[in-house]
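Written out below as structure tokens is the structure these notes cover.
The values are calculated or read from the model by the stated rules, or taken from the named source; none is laboratory data. Not measured: the values here are computed from a predicted model. Please note: Cβ atoms are built from the backbone with ideal geometry, for glycine as well, and neighbour counts cover all protein chains shown. What goes into the accessible areas is simple: the full protein's heavy atoms, side chains included, and nothing from ligands, DNA or RNA. Shrake-Rupley method; radii C 1.70, N 1.55, O 1.52, S 1.80 Å.
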Amino acid sequence: MKKFILFFIAVLLTLPGVALAQNETLSREDINRIANSVVLILTFDQSGEPLASGSGTIVAPNGVIYTNRHVVEGGSDFAILTLENMGEPAQLEYFATATLLHPSLDFAELQIDRDADGRSLDPTSLNLPFIPLDTDTLSIGDPIFVFGYPDLGEAHMVLTNGAVTTVLNDTLNGVRLPF
């Protein structure tokens with residue numbers, strides 16, 4: 001059975017330090033903080049033609065991004081668009097290289113390594129907004145907030161919410177996590 005890690009990205013990476021009871025909403029400050037850590041990824045093939053697009057989450061200040069494997073699979077270069085204003089489309093800020101395509105999970109990792117003009121960057125010099133991993137146990141009924149860039153959004157951030165309906169735990173890099 002193919003496992004999709006979108007759940008992992010949407011739930012596990014959001015809201016560290018934000019305690020919400022069922023039916024509560026996020027503050028504008030929390031929405032903006034989280035939205036600044038979610039990126040639009042444009043995947044290009046070897047000839048520079050667009051291949052796919054999808055969402056990713058910056059998980060470290062040095063530009064490590066977690067996304068789904070199907071967003072980057074078959075790509076040779078990845079444009080990273082970020083958000084400055086929730087009412088405006090994301091803008092090209094960086095380019096990244098794939099550092100991990102997980103063989104059995106729909107999971108990939110990118111590393112930002114170039115600016116919008118294609119000039120090399122030292123990732124250690126970046127200080128990007130990020131959402132740290134949160135390994136707290138998830139339960140059915142926990143609130144979920146999903147930030148992303150669906151195709152219908154035309155590079156605009158979309159936010160939706162709901163509740164966790166099921167939890168499937170698996171191991172990634174030696175850590176037991178919900179997927």
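Need the full-extension length gain, R33 to T97, defined as separation in residues times 0.36 nm minus the C-alpha distance. One decimal, nm. Each step should come with its number before you reach the end.
Numbers: separation 64, 0.36 × 64 = 23.04 nm, distance 2.45 nm.
Gain on extension, R33 to T97, equals 20.6 nm.
Mind listing the long-range amide H neighbours of D170? Cut-off is under 5 Å, sequence gap 5 or more, other chains count too, H placed in the peptide plane at 1.01 Å from N.
It is L177, F179, by chain and number.
If amide H atoms are built 1.01 Å from N in the plane of the peptide, which residues on other chains or at least 5 residues away come under 5 Å of the amide H of D142?
V164
So, how do all the Cα-to-Cα distances of segment 48-105 break down into 10 Å bins, in percent, from 0 on up?
20, 54, 24, 2
How large is ³J(HN,Hα), in whole Hz, for each residue of segment 115-129 in order, when computed from phi with the Karplus curve 6.51 cos²θ - 1.76 cosθ + 1.60 and θ = phi - 60°, using x for Gly and Pro?
Residue by residue, segment 115-129 yields 7, 5, 8, x, 6, 4, 10, 8, x, 5, 8, 6, 9, 7, x Hz.
What is the gain in length, in nm to one decimal, between L121 and A155 on full extension, counting 0.36 nm per residue of separation less the C-alpha to C-alpha distance?
Once the chain is fully extended between L121 and A155, it gains 9.8 nm.
If ligands, DNA and RNA are left out, what is the accessible area of H70 with a 1.4 Å probe, given in Å² to the nearest 10?
Surface open to solvent at H70 totals about 100 Å².
Just need log10 I(q)/I(0) for segment 88-169 at q = 0.16, 0.22, 0.25 Å⁻¹, Debye formula, equal scatterers on the alpha-carbon atoms, no solvent, rounded to two decimals.
Each listed q maps to, in turn, -0.98, -1.29, -1.27.
Students often get this wrong: which residues of segment 61-81 have the backbone nitrogen under 13 Å from the point 7 angstrom along Cα-to-C-beta of D170?
Within reach of a label on D170: 68-70.
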